[in-house]
Amino acid sequence: MKKAMFDYKAPVSLIKHCFLFLLLVASEQSFAQTRGKVQVMAPPLFDTLLAKRATLNAGGGGGGSGATSGYSSYGYRVQIYNGSSRSAAFSTQDKFNKEFPEMRTYIIYREPNFKVRAGDFRSRIEAERMKEQLKAWFPIMFIISEKINPPKTVITND
């Protein structure tokens with residue numbers, strides 16, 4: 001039995017015309033969209049919840065202190081001590097707190113080492129500036145990227 005062969009080839013002009021027709025139809029559909037107006041319908045308690053969240057973040061309630069309430073984000077800290085001596089870690093923290101009382105310090109213990117980290121910097125540039133200031137007191141320092149506590153927000157009723 002012989003194979004049936006299909007020898008018909010579509011002319012190139014017919015293919016071009018079909019492609020042009022499809023392109024025109026597709027572009028017409030994209031331009032047929034009309035611009036509308038978006039209206040957001042919020043439940044009546046939404047504004048009160050936003051106000052309550054602002055007071056909780058400011059430290060006005062929620063059972064936590066203002067320094068630890070709120071949301072953490074990633075940032076940078078300067079590590080000023082890393083060693084196995086607990087007393088050396090606490091003395092390093094005291095030394096830092098005497099020079100910079102407004103800045104928070106954190107002691108982290110990961111067996112077998114204690115680490116003292118200072119600051120809650122949102123950008124690496126701020127951490128580098130602090131590192132330059134601390135060179136006189138602490139010769140070996142590192143900048144560590146980790147979750148930080150956000151600074152206290154000031155809410156004004158303007």
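Structure notes:
Conditions (1) more than 17 Å from Ala118 (Cβ to Cβ); (2) surrounded by 10 or more Cβ atoms within 10 Å (Cβ to Cβ); (3) modelled with pLDDT of 80 or more, marked per residue:
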position: Thr34; (1), (2), (3): yes, no, no
position: Pro43; (1), (2), (3): yes, no, no
position: Ala67; (1), (2), (3): no, yes, no
position: Lys95; (1), (2), (3): no, yes, yes
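- Residue that is farthest from the chain's Cα centre (by Cα) [pool: residues in the range 84-93 that are surrounded by 12 or more Cβ atoms within 10 Å (Cβ to Cβ) and free of Cβ contacts under 8 Å to residues at least 24 places away in the same chain]: Ser91
- Among the candidates Tyr81, Tyr109, residue that is modelled with pLDDT of 90 or more, on the phi < 0 side of the Ramachandran plot and exposed (fewer than 14 other Cβ atoms within 10 Å of the Cβ): Tyr109
- Which numbered condition Ala54 fails, given (1) surrounded by 11 or more Cβ atoms within 10 Å (Cβ to Cβ); (2) assigned to a helix (DSSP H, G or I); (3) small (Gly, Ala, Ser); (4) modelled with pLDDT of 85 or more: (4)
- If you go through the range 100-127 and keep only what is more than 19 Å from Tyr76 (Cβ to Cβ) and in contact (Cβ under 8 Å) with a residue 24 or more places away in the chain, you end up with Pro112, Asn113, Phe114.
- Top-ranked residue of the range 116-158 - restricted to ones that are in a loop (DSSP other than H, G, I, E, B), under 18 Å from Thr92 (Cβ atoms) and not hydrophobic (A, V, I, L, M, F, W, C), ranked as modelled with the highest pLDDT: Lys135
- Matching residues in the range 97-106 - criterion: being modelled with pLDDT of 90 or more and surrounded by fewer than 14 Cβ atoms within 10 Å (Cβ to Cβ): Lys98
The values are calculated or read from the model by the stated rules, or taken from the named source; none is laboratory data. As the structure is a computational prediction, the values presented were derived from the model and not from experiment. As a convention, Cβ positions derive from the backbone with ideal geometry for all residues, glycine included, and neighbour counts pool all protein chains shown.
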